[in-house]
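The values are calculated or read from the model by the stated rules, or taken from the named source; none is laboratory data. Predicted model only: the values in this text are computed from it and were never measured. For neighbour counting, all protein chains shown are included, and Cβ atoms are generated from backbone atoms with ideal geometry for every residue, glycine included.
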Amino acid sequence: MSPADRCILLDRDGVITAVIPEGVKRPEDVLVLPFVVEALCELNRQGVRTYVIVHEPLVADGKMTEADLEAVHNRLREVLQEHEAELGEFVVATLPDGPATPAAKVKAGLLRKVGREHSIKLAETFYVGDEEADLEAAKEAGCKSCIVRSGRGFRTLRRLAMTGATPDLVTRDLFAAVAKIFPS
């Protein structure tokens, strides 16, 4: 992969921000996980493009508005910029989570969309997540998969061990994933 083609696809909750039970619905709910700033600064230093894949069913469920979601993302950018870390484009779907639109299918669609729109070679690109739906989405879209132990990752890895499903990479957190995927 040429330097200009280097990119990484990131889940938001559990990879970049802390998971909270009721969901990140307001700017005040944004809590950046440890070492995320350092990971993003390293990606920025290396010129790696970042895309944040967000399936936010709370909008469809009426628990937050599109404006609330935009405010959350603006706050996340502000917090990161305070530490000179830049985050790329948010790729968002606000479909409900249910049998007709399971999270893995929605996220796989978002991954394929960003691949098409930005000429990304998905087979050479990692999608970093913390849930089974992230692993399923990566496989369905043809991406490499990384599960981080932050967020819901420990629980996810226990369940994956029972099913036999394995990600391409398992790391402690986003910083460790960046070090493995893009060694400097």
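Brief remarks on what is shown
- Residues that are within 28 Å of Lys121 (Cα to Cα) and among the hydrophobic types (A, V, I, L, M, F, W, C) number at least 2 in the following helices (runs of 4 or more DSSP H) confined to the range 1-100: 36-46, 66-81.
- Tallying residues that are touching a helix residue (DSSP H, G or I) at 6+ places or on another chain (Cβ under 9 Å) and not in a helix (DSSP H, G or I) within the range 131-151 yields 10.
- Some residue of the range 162-175 being of a type in the set (Phe, Trp, Tyr) and buried (at least 16 other Cβ atoms within 10 Å of the Cβ): yes
- Unique match (being modelled with pLDDT of 95 or more, closer than 17 Å to Asp13 by Cβ and not hydroxyl-bearing (Ser, Thr, Tyr)) among Leu111, Leu58, Leu122, Leu95: Leu111
- Residue pairs meeting the criteria (Cβ under 7 Å; at least 6 apart or on separate chains; first on the phi > 0 side of the Ramachandran plot, in the range 139-160; second assigned to a loop (DSSP other than H, G, I, E, B) and at pLDDT 90 or above): Gly151/Gly14; Gly151/Val15; Gly151/Val19; Gly151/Asp130
- The condition (being in contact with an Asp or Glu (Cβ under 8 Å, 6 or more places away or on another chain), in a helix (DSSP H, G or I) and in contact (Cβ under 8 Å) with a residue 40 or more places away in the chain) is satisfied by just one residue among Val128, Val114: Val114.
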